[in-house]
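To start, the structure under review is shown below, and the notes come after it.
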Amino acid sequence: MGVGAGLIFDFDGTILDTEEPVYRSWVELWAEHGEELRLEVWQTKIGTSGSFDPWAELEQRVGDRLDRSLEDRRRARRDELQARHELRPGVLAWLEEAADLGIPVGVASSSSLDWVESHLVRLRIRPYFSALVCAGGGVPVKPDPTSYRMCCELLDADPSHSVAVEDSPHGVAAARGAGLYAVVVPHPLTASMDFSRAQRVVSSLEALTLAAALREAGATEGPSLGGPVSTPGAPE
């Protein structure tokens, strides 16, 4: 177990809103074939993978194989929509605060390393991160806690004093399973989901400082280190 605190971010929907562009591109493709991709169906795959295959499901619904060029077009549309999104509010402030406090930072993601790292480089924040643990290469997707455990090990961080930032129930389950303090920042696609397992739910990271979250994380193990501890799952 590590000796200090760490800060570990989920990536998709947490650092960058990649969820809305992906979902919207699939909604549009389904609509072209006269089908509706409902949000509650899509929510089952947020923060994990393998639970729902929108391509296979659409082929089943239309009763025929789809031209693979449609997937290339959908990905291009996804990227077009993605280009409109920047860092989610408060993320850069937390990264800068972590640097000032000497807190190591990592990513635990159910996406591929190429996907995560390419966006971090594009957003010019890759140097803030000391460890990236992504699905693949033997690392299972969330809600399995392995990605968080591995990230803590790489950061030499004690999970019981570390903070995870998430946007989905699958991610919260993974973070809690690894022993971290879970802060959730929902977005429009996850706002209606159940975050009762999280210790903190905030509308934006701008509503909470990293120092306060770290104090609360420390307060989950032994005496309070100062600052209020929120009611689990209570939105702000």
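The values are calculated or read from the model by the stated rules, or taken from the named source; none is laboratory data. Quick caveat: nothing in here was measured; it's all calculated off a predicted structure. Note: ideal-geometry Cβ built from the backbone for every residue, glycine included; neighbour counts use all protein chains shown.
Of note:
- Of all positions in the range 79-86, none carries a residue that is touching a helix residue (DSSP H, G or I) at 6+ places or on another chain (Cβ under 7 Å) and basic (K, R).
- Listed by position, the helices (runs of 4 or more DSSP H) enclosed by the range 86-191 that each have at least 2 residues that are at pLDDT below 95 are 113-122, 169-177.
- Some residue of the range 12-30 being modelled with pLDDT of 95 or more and within 23 Å of A93 (Cβ to Cβ): yes
- Looking only at residues in the range 57-72 that are free of Cβ contacts under 8 Å to residues at least 12 places away in the same chain and part of a helix (DSSP H, G or I), the one that is surrounded by the fewest Cβ atoms within 10 Å (Cβ to Cβ) is S69.
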